[in-house]
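Undergrad: Here it is, the structure, as structure tokens.
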Amino acid sequence: QKEVEQDPGPLSVPEGAIVSLNCTYSNSAFQYFMWYRQYSRKGPELLMYTYSSGNKEDGRFTAQVDKSSKYISLFIRDSQPSDSATYLCAMIDSNYQLIWGAGTKLIIKP
Amino acid sequence: KAGVTQTPRYLIKTRGQQVTLSCSPISGHRSVSWYQQTPGQGLQFLFEYFSETQRNKGNFPGRFSGRQFSNSRSEMNVSTLELGDSALYLCASSLGAGTIGGETQYFGPGTRLLVL
């Protein structure tokens, strides 16, 4: 079983919809949680970074962490075709290494 | 400011050969990390270099090695290539702390390696 589980998708939604992307993890020692976005033929870019349980908002993006359930989410409001990409969650373990989810491919249909 | 650059962008090799990939970090960045990305395994951490020293290492065999030069440029080498080494190899740079504390890493576009 992988330490971080993420549904690879693809997840296809119409433009303007609210998107929910999720990751579950098994290691309770994870303390830092990140969401990256990766466009085709590009490297990942950091979208959101959170430390504690709760919500963090940045424009149309909201990151949510529930440490008790070992579950993190990324919500995208008013989704746009330009949001079509692969979204990867990542977490830092006790050895300060980034452990990655496999990524969810998101398609926003105009 | 120029981003992270990686060369070459695409590479085709045969089993048993060796390959060297290059990464130039963002100017002023001293930490360089390498990752392997495959559809089945996702992103996996290879190693991290800071000030020419390997600071952290993932769970990969000794065929995978790297180094960092005094100008922070980094190379990674894979010897005795296997079919399973086909992947996108990503390099990421950061100012100094690397993954510690979640310091932002900036990724290059990657080198796509195909082993036949």
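The values are calculated or read from the model by the stated rules, or taken from the named source; none is laboratory data. Just so it is clear, the structure is predicted and the values come from calculations on it, not from any experiment. Cβ: placed from backbone, ideal geometry, glycine included. Neighbour counts: every protein chain shown.
Undergrad: Among the numbered conditions (1) touching a residue at least 12 places away in the same chain (Cβ under 8 Å); (2) away from chain B (no Cβ under 12 Å), tell me where A:GLY103 comes up short.
TA: (2)
Undergrad: In this structure, does B:SER22 turn out to be touching a residue at least 60 places away in the same chain (Cβ under 8 Å) and either in contact with a strand residue (DSSP E or B) (Cβ under 9 Å, 6 or more places away or on another chain) or under 16 Å from A:GLY43 (Cα atoms) (or both)? Let's see the steps before the verdict.
TA: Working: touching a residue at least 60 places away in the same chain (Cβ under 8 Å): no; either in contact with a strand residue (DSSP E or B) (Cβ under 9 Å, 6 or more places away or on another chain) or under 16 Å from A:GLY43 (Cα atoms) (or both): yes.
Considered against the rule, which asks whether it is touching a residue at least 60 places away in the same chain (Cβ under 8 Å) and either in contact with a strand residue (DSSP E or B) (Cβ under 9 Å, 6 or more places away or on another chain) or under 16 Å from A:GLY43 (Cα atoms) (or both), B:SER22 comes out as no.
Undergrad: Taking the stretch A:2-20 as the search range and keeping residues that are of a type outside the set (D, E, K, R) and in a loop (DSSP other than H, G, I, E, B), which one is surrounded by the most Cβ atoms within 10 Å (Cβ to Cβ)?
TA: Per the criteria, the residue is A:GLN6.
Undergrad: Report, by residue number, each residue of the stretch A:25-38 that is within 14 Å of another protein chain (Cβ to nearest Cβ) and either assigned to a strand (DSSP E or B) or among the hydrophobic types (A, V, I, L, M, F, W, C) (or both).
TA: First, pick out the residues of the stretch A:25-38 that are within 14 Å of another protein chain (Cβ to nearest Cβ): A:25, A:30-38.
Across the stretch A:25-38, the qualifying residues are A:TYR25, A:PHE30, A:TYR32, A:PHE33, A:MET34, A:TRP35, A:TYR36, A:ARG37, A:GLN38.
Undergrad: With the condition kept exactly as written, say whether any residue in the stretch A:39-61 is closer than 25 Å to B:GLN6 by Cβ, part of a strand (DSSP E or B) and of a type outside the set (A, V, I, L, M).
TA: Yes: the stretch A:39-61 contains one or more residues that are closer than 25 Å to B:GLN6 by Cβ, part of a strand (DSSP E or B) and of a type outside the set (A, V, I, L, M).
Undergrad: If you don't mind, another one. Return yes when B:GLN18 is under 14 Å from the mean Cα position of the chain (by Cα) and among the polar types (S, T, N, Q) and no when it is not.
TA: Details: under 14 Å from the mean Cα position of the chain (by Cα): no; among the polar types (S, T, N, Q): yes.
Considered against the rule, which asks whether it is under 14 Å from the mean Cα position of the chain (by Cα) and among the polar types (S, T, N, Q), B:GLN18 comes out as no.
Undergrad: When the residues of the stretch B:2-25 are narrowed to those that are hydrophobic (A, V, I, L, M, F, W, C) and modelled with pLDDT of 95 or more, which ends up surrounded by the most Cβ atoms within 10 Å (Cβ to Cβ)? Give the steps one after another, and end with the answer.
TA: Filtering the stretch B:2-25 down to residues hydrophobic (A, V, I, L, M, F, W, C) leaves B:2, B:4, B:11-12, B:19, B:21, B:23.
Applying the additional criterion that residues be modelled with pLDDT of 95 or more yields B:4, B:11-12, B:19, B:21, B:23.
Details: B:VAL4: 21, B:LEU11: 15, B:ILE12: 12, B:VAL19: 18, B:LEU21: 21, B:CYS23: 27.
Once the filter is applied, the top-ranked residue is B:CYS23.
Undergrad: Filter the stretch B:100-116 down to residues that are of a type in the set (A, V, I, L, M) and modelled with pLDDT of 80 or more and give me whichever is farthest from B:THR5 (Cα to Cα).
TA: Pass one, the stretch B:100-116, residues of a type in the set (A, V, I, L, M): B:100, B:113-116.
Now restrict to residues that are modelled with pLDDT of 80 or more: B:113-116.
Details: B:LEU113: 16, B:LEU114: 19, B:VAL115: 22, B:LEU116: 25 Å.
If we take residues in the stretch B:100-116 being of a type in the set (A, V, I, L, M) and modelled with pLDDT of 80 or more, then B:LEU116 is farthest from B:THR5 (Cα to Cα).
Undergrad: Please verify whether A:SER84 is within 29 Å of B:ARG112 (Cα to Cα), of a type in the set (Ser, Thr, Tyr) and surrounded by 15 or more Cβ atoms within 10 Å (Cβ to Cβ), treating the condition exactly as stated.
TA: Working: within 29 Å of B:ARG112 (Cα to Cα): yes; of a type in the set (Ser, Thr, Tyr): yes; surrounded by 15 or more Cβ atoms within 10 Å (Cβ to Cβ): yes.
So A:SER84 fits the description; yes.
Undergrad: Something else: Would the stretch A:77-90 turn up any residue that is away from every other protein chain (no Cβ under 11 Å) and among the β-branched types (Val, Ile, Thr)?
TA: As a first pass, look at the stretch A:77-90 and keep what is away from every other protein chain (no Cβ under 11 Å): A:77-85, A:87.
Remaining after also requiring among the β-branched types (Val, Ile, Thr): none.
No, the stretch A:77-90 contains no residue that is away from every other protein chain (no Cβ under 11 Å) and among the β-branched types (Val, Ile, Thr).
Undergrad: Based on this model, can you work out whether B:GLY62 counts as free of Cβ contacts under 8 Å to residues at least 60 places away in the same chain and either within 16 Å of A:LEU46 (Cα to Cα) or not in a strand (DSSP E or B) (or both)?
TA: On the way: free of Cβ contacts under 8 Å to residues at least 60 places away in the same chain: yes; either within 16 Å of A:LEU46 (Cα to Cα) or not in a strand (DSSP E or B) (or both): yes.
Taking the combined requirement at face value, the residue satisfies it.
Undergrad: Quick one: count up the residues across the stretch A:39-48 that are crowded, with 22+ Cβ neighbours inside 10 Å and closer than 11 Å to A:THR86 by Cβ. First the steps, then the outcome.
TA: Pass one, the stretch A:39-48, residues crowded, with 22+ Cβ neighbours inside 10 Å: A:43-44.
With the extra rule that they be closer than 11 Å to A:THR86 by Cβ, the set shrinks to A:44.
The qualifying residues number 1.
Undergrad: Can you spot a residue in the stretch B:75-92 that is buried (at least 20 other Cβ atoms within 10 Å of the Cβ), assigned to a loop (DSSP other than H, G, I, E, B) and at the interface with chain A (Cβ under 9 Å from one of its Cβ atoms)?
TA: No, the stretch B:75-92 contains no residue that is buried (at least 20 other Cβ atoms within 10 Å of the Cβ), assigned to a loop (DSSP other than H, G, I, E, B) and at the interface with chain A (Cβ under 9 Å from one of its Cβ atoms).
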